Amino acid sequence: MFRTLLFLLAMASTLVVKAGHAPGTGKRPAAAPHPHVGMWVTADGRIRQELLPNGRYEEERDGRKRAYTGRYTVSGDHIDYFDDLGFTATGDVRDGILYHEHLVLYRER
């Protein structure tokens, strides 16, 4: 009886510890990235802005990789940018198009 109770207690503890983890990995499943995460590009391809899933962005200009880098936050379809050099900018996604200050960027698929 005592061994059965001890076994059941051990099983219950294991289930509690594993709860919320991806089967067979011991890790929590990653949350789906925000729908705006990904690569955005101007129509002429000169400016490429990647919104990374970790809240960072990297912008390429005229082939110069990482010309601008920083962090961003999203509230609905509004994006606030905080560049590593200290300046800020905003953007809004409307009808699948990112309007970022004076730029118009399209989702790269």
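Does R94 fit the bill of being touching a strand residue (DSSP E or B) at 6+ places or on another chain (Cβ under 9 Å) and at pLDDT 95 or above? No. Scanning the stretch 45-55 turns up at least one residue that is without any contact (Cβ under 8 Å) to a residue 60 or more places away in the chain, part of a strand (DSSP E or B), surrounded by 13 or more Cβ atoms within 10 Å (Cβ to Cβ) and among the acidic types (D, E).
Being acidic (D, E) and exposed (fewer than 14 other Cβ atoms within 10 Å of the Cβ) is the filter; apply it to the stretch 78-109 and report the residue that is nearest to V37 (Cα to Cα). Across the stretch 78-109, the extreme among qualifying residues is E108.
The values are calculated or read from the model by the stated rules, or taken from the named source; none is laboratory data. All figures in this text were calculated on a predicted structure; none of them were measured in a lab. We place every Cβ from the backbone using ideal geometry, glycine too, and count neighbours over all the protein chains shown.
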